[in-house]
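The values are calculated or read from the model by the stated rules, or taken from the named source; none is laboratory data. Remember, it's a predicted structure, so these values are computed and weren't measured experimentally. We place every Cβ from the backbone using ideal geometry, glycine too, and count neighbours over all the protein chains shown. Surface areas here come from the heavy atoms of the whole protein model, side chains and all, with no ligands, DNA or RNA. Shrake-Rupley method; radii C 1.70, N 1.55, O 1.52, S 1.80 Å.
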Amino acid sequence: MSDTMPEVRGKLVESKLLSELTWLRVGGPADWLFMPADVEDLAQFLAALSRDVAVFPMGVGSNLIVRDGGLRAVVIKMGRGFNHIEVEGNRVRAGVAALDAHVARKAADAGVDLTFLRTIPGSVGGAVKMNAGCYGSYTADVFTEATAVTRDGKIVTLTADDLQFQYRQTELPEGWVLVEAVFEGPSGVPEALHTRMEAQLKKRDETQPTKERSAGSTFRNPAGFSSTGQADDTHELKAWKVIDDAGMRGATRGGAQMSEMHSNFMINAGGATAADLEGLGEEVRKKVYDSAQITLEWEIMRVGEPTPRADQ
Ligand SMILES: Cc1cc2nc3c(=O)[nH]c(=O)nc-3n(C[C@H](O)[C@H](O)[C@H](O)COP(=O)(O)OP(=O)(O)OC[C@H]3O[C@@H](n4cnc5c(N)ncnc54)[C@H](O)[C@@H]3O)c2cc1C
């Protein structure tokens with residue numbers, strides 16, 4: 001494929017191990033990793049790239065299991081050139097490589113409340129794509145618009161209608177790469193916003209394995225049943241509770257473990273492969289189904305090929 005790769009100003013690397021780029025520290029190689037110099041570099045690259053080649057944009061890999069065989073794709077990862085944060089009035093314009101925590105802090109300095117982003121360890125690109133949220137607020141609540149580069153290299157502006165925000169997902173077309181987002185938050189007093197964020201961080205550290213290698217909540221909270229026995233989203237069950245009830249807190253497979261601290265967090269306790277992690281997750285789903293007839297749905301995205309290539 002190298003003969004057919006477009007010229008770039010940024011960095012283009014062949015066969016890059018993705019375990020170096022994911023929070024769980026697992027994942028085989030991407031065929032290519034492209035770190036564009038700026039938006040024009042990205043747009044020209046995508047316009048010139050053969051349409052047969054898959055494109056996978058990646059943030060900081062905090063919601064991903066990349067399988068052990070890696071990705072037959074060009075992984076696009078934004079770095080410098082995409083991490084600006086500018087505040088104007090109550091609007092915050094941020095490049096997709098800016099970390100959610102930095103955006104929240106800079107907004108708070110300027111008296112804008114984006115505090116819910118403070119404890120989410122991802123980047124702005126991942127926050128928009130996944131409609132990240134916590135403490136009752138979602139990215140969709142503060143989203144104004146985003147700029148993206150389409151798979152064929154056009155620079156477009158996207159509204160909330162275009163993205164169709166839902167729980168932890170959007171309708172961003174395959175191969176489109178977000179490059180910038182604009183958020184608008186309510187006003188707040190900077191000191192009070194910082195105090196709230198400190199309290200949220202403390203609460204996280206007390207209840208979740210924040211120092212371990214994880215990808216956040218493994219499964220969505222399942223829908224419950226109303227008093228009439230109808231399936232009902234408003235009576236939500238807690239994923240951690242049904243995992244506990246199935247006896248899977250602390251369960252292990254290879255180096256993968258359901259955290260003792262929070263049973264809906266799956267951790268790489270040392271030397272786990274993606275197969276260990278995904279296999280453990282599937283075992284939890286089966287145990288929960290067998291014991292309570294509840295089907296858990298993955299919240300962590302799983303991508304790539306299960307089997308390593310012969311030359312890996
Ligand atoms: C300890 C811990 C706690 C967490 N707590 C929360 C929480 O409270 N709430 C929550 O919502 N999530 C939580 N997460 C999950 C995760 O942090 C979020 O989903 C985050 O938004 C992912 O961002 P990322 O940059 O790491 O994206 P990645 O994991 O790299 O990618 C996730 C998805 O976003 C896409 N994507 C990333 N960047 C772009 C881009 N520029 N253009 C197009 N698509 C892109 C990728 O293709 C992929 O589909 C937690 C994770 C951890 C490890």
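Points worth noting:
- Those helices (runs of 4 or more DSSP H) lying entirely in the stretch 85-176 with at least 2 residues more than 20 Å from the chain's Cα centre (by Cα) and touching a residue at least 60 places away in the same chain (Cβ under 8 Å): 100-109
- So residue 273, is it hydroxyl-bearing (Ser, Thr, Tyr), within 24 Å of residue 205 (Cβ to Cβ) and not assigned by TED's automatic domain parsing to the domain that holds residue 54: no
- Selected residue (criterion: most open to solvent (accessible area, probe 1.4 Å)) from residues of the stretch 241-292 that are farther than 27 Å from residue 18 by Cβ and basic (Lys, Arg): 286
- Candidates in the stretch 53-70 are the residues that are part of a strand (DSSP E or B) and open to solvent by less than 20 Å² (accessible area, probe 1.4 Å); of these, the one that is farthest from residue 265 (Cα to Cα) is 55.
- Within the stretch 179-204, tally of residues that are among the aliphatic types (A, V, I, L, M) and exposed (fewer than 14 other Cβ atoms within 10 Å of the Cβ): 3
- Scope the stretch 110-136; condition open to solvent by less than 40 Å² (accessible area, probe 1.4 Å), hydroxyl-bearing (Ser, Thr, Tyr) and either farther than 20 Å from residue 205 by Cα or out of contact with any Cys (no Cβ under 8 Å at 6 or more places or on another chain) (or both); matching residues: 115, 123
- Among the residues of the stretch 16-47, those that are open to solvent by 50 Å² or more (accessible area, probe 1.4 Å) and under 22 Å from the mean Cα position of the chain (by Cα) comprise 16, 17, 20, 23, 25, 35.
- Criterion: free of Cβ contacts under 8 Å to residues at least 60 places away in the same chain and farther than 24 Å from residue 194 by Cβ - qualifying residue of 48, 73: 73
- All told, residue 105 meets the bar of being more than 9 Å from the ligand (Cβ to nearest atom), within 30 Å of residue 212 (Cβ to Cβ) and open to solvent by 60 Å² or more (accessible area, probe 1.4 Å).
- Residue 311 meets all of the listed conditions (1) part of a strand (DSSP E or B); (2) modelled with pLDDT under 95 but one, namely (1).
- Residue check for residue 50: within 8 Å of the ligand (Cβ to nearest atom), in a loop (DSSP other than H, G, I, E, B) and open to solvent by 10 Å² or more (accessible area, probe 1.4 Å): no
- Scope the stretch 79-95; condition within 10 Å of the ligand (Cβ to nearest atom) and either in contact with a His (Cβ under 8 Å, 6 or more places away or on another chain) or open to solvent by 10 Å² or more (accessible area, probe 1.4 Å) (or both); matching residues: 95
- Scanning the stretch 247-281 for residues that are assigned to a loop (DSSP other than H, G, I, E, B), in contact with a helix residue (DSSP H, G or I) (Cβ under 9 Å, 6 or more places away or on another chain) and within 19 Å of residue 291 (Cβ to Cβ) returns 247, 248, 249, 251, 263, 264.
- Selected residue [within 11 Å of the ligand (Cβ to nearest atom), in contact with a Gly (Cβ under 8 Å, 6 or more places away or on another chain) and either farther than 25 Å from residue 200 by Cβ or of a type in the set (D, E, K, R) (or both)] from 76, 65: 65
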